[in-house]
Amino acid sequence: MVQGNTGDTPAHVDVLIVGAGFSGLYQLHLLRQRGWKVAVIDAAGGVGGTWYWNRYPGARCDIPSIEYSYSFDADLQAEWRWTERYATQPEILSYLNHVADRFDLRRDIRLNTRMDSATWDEAAGLWRVALNPGGAMSARYVILATGALSAPKLPDWPGIEGFSGEIVHTGAWRDDIDLRGKRVGIVGTGSSGVQAIPRIAEVAAHLTVYLRTPSFAVPASNRPLDAGEQEALAPQMAALREGARQSPLGWFDGPRPGMALSASETERAQRYEEQWNAGTTGLLLAYEDLLIDEDANTTAAQFARGKIAQLVHDPDTARRLTPTGYPIGSRRLCSEIGYYEAFNRDNVSLVDLRETPIERVEGNRLITSAGAQELDVLVLATGFNAMTGAIAAIDITGRDGAKLAREWEDGPRCYLGLAVAGFPNMFTVTGPGSPSVLSNVVVSIEQHVEWIADCLDHLRATGTATIAADPATEAAWMQHCDEVAHMTLFPRSISWYQGRTRDGRLVFMPYVGGVGAYRAKCDAVAAAGYDGFVLT
Ligand code: FAD
Ligand code: N01
């Protein structure tokens, strides 16, 4: 036995799951229910994945909690009470801890344990895995539930490793970080920065925001949820959940009918105003064509720009915070609570890195071309090596010695976001080529996890030893993903949705076709005996 912190991990299992977030927890539950011998490992000190790591001030979901939660168990759904429309990180983490306890998952989870490497042993038909801290395991199947947004991206400014103050990434926040009365700098104004900036501004002596690309941010319109509200929804929940599963985005709500350019200016202004106040997912649902038609998109973008001009008092600061040059929604729309207003405070200043780039770090000073700023705490809200980062960080060797990280340098490839050709008996949850990050991710996760469990059951029932994606089918799927993406405005901006190949080519990674269409495709693949996979 390999000794663990919250349970011992056997030397061999049928299925090894890497990651104990929304994906890994449900995958463990489902496979164990179906009689598989399963172990989960996670590098974190607790379960929860994203919601364990992202403890930065202001962190919360941007899809209503009632939707951003599991649907697989009606009792779980009925017994859990969300207290806010958009739950905070501590509340989501406590929900996931509740799930771990309720389904007695902890006995098969070993925490504080990283998968360093995994090597396919063709003769034995097994994955041989190296764990850190030490230990080796083997598993017939490996499921990488490692998260699409779990590998922090760190800047490489000269001298950063010697920064003499506190330095912390939002995605690896530490409980000992105290921002009260401190001179704080924050780099990055994506979803994490937009959430953290107003909360940090409330407690810091001074906050300097380093901005490179302004984001479109819409009001969260958060509010307390009372128990009655959730109870009133209960009779419709099954239908709402099913609707979300078949929808493009995995949300309860879809776009309002109509095309933006068919409406008069007055009608549009009124509808945008209503949708602006309808929560994070609201504005993009104002019309059906906002992510397809550039002129339609411009009308929504102009509306949002007008709001920034109203909310930020100093015109120069407002100008710097105003996004230009890319369609609204083609980068993730940010959810804000007091973000723009934070720039009206005396203790917040803005450094525009497009005008004055960061040059280096010396001691506790961040030096841009305009001068130096002394900081007690440097917060990196610089995002993640998205979709591929956590997997590429593992030394994975497949058939014929192929290295996964090396293969992906030529362009991330993955059949249905679920399996990579050349790496048999290995599954990815929310991999490139899945709709995951463009959807309510929990809806996508439930589909991926259930599909993988059904696939394993099929292999067991048919006495199949190995399953691997067929390279030609995988290439065709990635090509299809690219074509569908280019029917929309998504590729019109540079964002973390795109992977960059060694020769600088951009590859749009998520599947834009929607979770309903994707589900139908996955079901058809399974019904045809796992079409596009090679079973031996
Ligand atoms: P994760 O939760 O990322 O879990 C992966 C786990 O794998 C991690 O705990 C990690 O430690 C572990 N791991 C990785 N590599 C290894 C290794 N080599 N060895 C051992 N363990 C490893 N999505 C939405 O739909 N709505 C939202 O509102 C939303 N809000 C978000 C807010 C933040 C701050 C972030 C960062 C993401 C948000 N997301 C949201 C996306 C979110 O990541 C997913 O919704 C979901 O939580 C992912 O679950 P997961 O289990 O797939 O991955
Ligand atoms: O990361 P990001 P994030 N120097 O990549 C800047 C989910 N999420 O953690 O755009 C200077 O969006 C970078 O600038 P640029 C959600 O899916 C959800 O904020 O590269 N700046 C950008 O401004 C989201 O999309 C929530 O020019 C540097 C920022 O850092 C995803 O996670 C909350 C830099 C990174 O933005 C990622 O969001 C949080 C450098 N060297 C996260 N490197 C919710 O609200 C990067 N930047 C639910």
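The values are calculated or read from the model by the stated rules, or taken from the named source; none is laboratory data. Worth saying up front: this structure is predicted, and the values here are computed from it rather than measured. Don't worry about glycine lacking a Cβ; one is built from the backbone with ideal geometry, like all the others, and counts go over all protein chains shown. Ligands, DNA and RNA are excluded from the accessible area calculation, which covers all protein heavy atoms including side chains. Shrake-Rupley method; radii C 1.70, N 1.55, O 1.52, S 1.80 Å.
For the range 82-103, indicate whether the set of residues that are within 16 Å of ligand 2 (Cβ to nearest atom) and closer than 22 Å to D454 by Cα is non-empty. Before the answer, list the steps.
Within the range 82-103, the first condition is being within 16 Å of ligand 2 (Cβ to nearest atom), and the residues that meet it are 82, 84-93, 95-96.
When the remaining residues are screened for being closer than 22 Å to D454 by Cα, the result is none.
Checking the range 82-103: not a single residue is within 16 Å of ligand 2 (Cβ to nearest atom) and closer than 22 Å to D454 by Cα.
Going through the range 503-522 one residue at a time, which ones are touching a residue at least 12 places away in the same chain (Cβ under 8 Å) and farther than 20 Å from L489 by Cβ? Walk me through it before giving the result.
Pass one, the range 503-522, residues touching a residue at least 12 places away in the same chain (Cβ under 8 Å): 505-519, 521-522.
G516, R519, K521, C522, listed by residue number.
The rows are residues; the columns are (1) outside any helix (DSSP H, G or I); (2) under 27 Å from the mean Cα position of the chain (by Cα); (3) crowded, with 18+ Cβ neighbours inside 10 Å.
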position	(1), (2), (3)
E273	no, no, no
G279	yes, yes, yes
I292	yes, yes, no
A300	no, yes, yes
G306	no, no, no
T317	no, no, yes
R354	yes, yes, no
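Residue-wise test of (1) within 16 Å of ligand 2 (Cβ to nearest atom); (2) surrounded by 14 or more Cβ atoms within 10 Å (Cβ to Cβ); (3) closer than 27 Å to T189 by Cβ.
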site: D470; (1), (2), (3): no, yes, no
site: E474; (1), (2), (3): no, yes, no
site: P491; (1), (2), (3): yes, yes, yes
site: D531; (1), (2), (3): no, no, no
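What number goes with the only condition from (1) open to solvent by 30 Å² or more (accessible area, probe 1.4 Å); (2) within 16 Å of ligand 1 (Cβ to nearest atom) that W127 does not pass?
(1)
Enumerate the strands (runs of 3 or more DSSP E) found wholly within the range 460-536, keeping only those where 1 or more residues are within 30 Å of L290 (Cβ to Cβ) and either of a type in the set (D, E) or touching a helix residue (DSSP H, G or I) at 6+ places or on another chain (Cβ under 8 Å) (or both). Explain how you work it out, then say what you get.
Details: elements: 467-469, 498-500, 506-508, 533-535.
Strands (runs of 3 or more DSSP E) meeting the threshold: 498-500, 506-508.
Only one residue in A402, A392, A381, A386 is more than 23 Å from I143 (Cβ to Cβ) and either in contact with a Phe, Trp or Tyr (Cβ under 9 Å, 6 or more places away or on another chain) or of a type in the set (A, V, I, L, M) (or both), so which one is that?
Working: A402 fails: more than 23 Å from I143 (Cβ to Cβ); A392 fails: more than 23 Å from I143 (Cβ to Cβ); A386 fails: more than 23 Å from I143 (Cβ to Cβ).
Unique residue meeting the criteria: A381.
Since S221 meets every condition but one in (1) out of contact with any Pro (no Cβ under 6 Å at 6 or more places or on another chain); (2) in a helix (DSSP H, G or I); (3) open to solvent by 10 Å² or more (accessible area, probe 1.4 Å); (4) more than 22 Å from V515 (Cα to Cα), which condition does it not meet?
Just one mismatch for S221, condition (2).
May I ask you to say which residue of V449, V437, V443 is closer than 30 Å to G254 by Cβ and open to solvent by 10 Å² or more (accessible area, probe 1.4 Å)?
Working: V449 fails: open to solvent by 10 Å² or more (accessible area, probe 1.4 Å); V437 fails: open to solvent by 10 Å² or more (accessible area, probe 1.4 Å).
Among V449, V437, V443, only V443 is closer than 30 Å to G254 by Cβ and open to solvent by 10 Å² or more (accessible area, probe 1.4 Å).
So, in the range 432-468, how many residues would count as being within 16 Å of ligand 2 (Cβ to nearest atom) and of a type in the set (G, A, S)?
Residues of the range 432-468 that are within 16 Å of ligand 2 (Cβ to nearest atom), as a first pass: 432, 434-445.
If we keep only those that are of a type in the set (G, A, S) too, we end up with 434, 436, 439, 444.
Of the residues in the range 432-468, 4 are within 16 Å of ligand 2 (Cβ to nearest atom) and of a type in the set (G, A, S).
Among S150, S164, which is the only one that is touching a residue at least 60 places away in the same chain (Cβ under 8 Å) and within 12 Å of ligand 1 (Cβ to nearest atom)? Reasoning before the result, please.
Values: S164 fails: within 12 Å of ligand 1 (Cβ to nearest atom).
Of S150, S164, the one residue that is touching a residue at least 60 places away in the same chain (Cβ under 8 Å) and within 12 Å of ligand 1 (Cβ to nearest atom) is S150.
Within the range 20-46, track down each residue that is touching a Ser or Thr at 6+ places or on another chain (Cβ under 9 Å) and within 6 Å of ligand 1 (Cβ to nearest atom).
G21, F22, S23, G24, I41, D42, A43
Pick from the range 47-64 the residues that are near ligand 1 (Cβ under 9 Å from one of its atoms) and among the small types (G, A, S): which of them is farthest from R140 (Cα to Cα)?
A59
Which strands (runs of 3 or more DSSP E) sit wholly inside the range 126-187 and have at least 1 residues that are within 24 Å of the chain's Cα centre (by Cα) and of a type in the set (V, I, T)?
Answer list for the range 126-187: 136-144, 166-169, 183-187.
Being within 13 Å of ligand 2 (Cβ to nearest atom) and touching a strand residue (DSSP E or B) at 6+ places or on another chain (Cβ under 7 Å) narrows it down to one residue among P198, P158; which is it?
On the way: P198 fails: touching a strand residue (DSSP E or B) at 6+ places or on another chain (Cβ under 7 Å).
Step by step, each of P198, P158 is checked, and only P158 is within 13 Å of ligand 2 (Cβ to nearest atom) and touching a strand residue (DSSP E or B) at 6+ places or on another chain (Cβ under 7 Å).
Considering each residue of the range 452-468, count those that are within 13 Å of L535 (Cβ to Cβ) and open to solvent by less than 20 Å² (accessible area, probe 1.4 Å), and give that number. Steps first, please.
Quick first cut of the range 452-468, residues within 13 Å of L535 (Cβ to Cβ) only: 455-456, 458-468.
Next cut, open to solvent by less than 20 Å² (accessible area, probe 1.4 Å) only: 455-456, 459, 464, 466-468.
Selection size over the range 452-468: 7.
If you check A402, A419, A370, which single one turns out to be open to solvent by less than 40 Å² (accessible area, probe 1.4 Å), of a type in the set (A, V, I, L, M) and out of contact with any strand residue (DSSP E or B) (no Cβ under 6 Å at 6 or more places or on another chain)? Break it down stepwise before answering.
On the way: A419 fails: out of contact with any strand residue (DSSP E or B) (no Cβ under 6 Å at 6 or more places or on another chain); A370 fails: open to solvent by less than 40 Å² (accessible area, probe 1.4 Å).
Testing whether each residue is open to solvent by less than 40 Å² (accessible area, probe 1.4 Å), of a type in the set (A, V, I, L, M) and out of contact with any strand residue (DSSP E or B) (no Cβ under 6 Å at 6 or more places or on another chain) leaves just A402.
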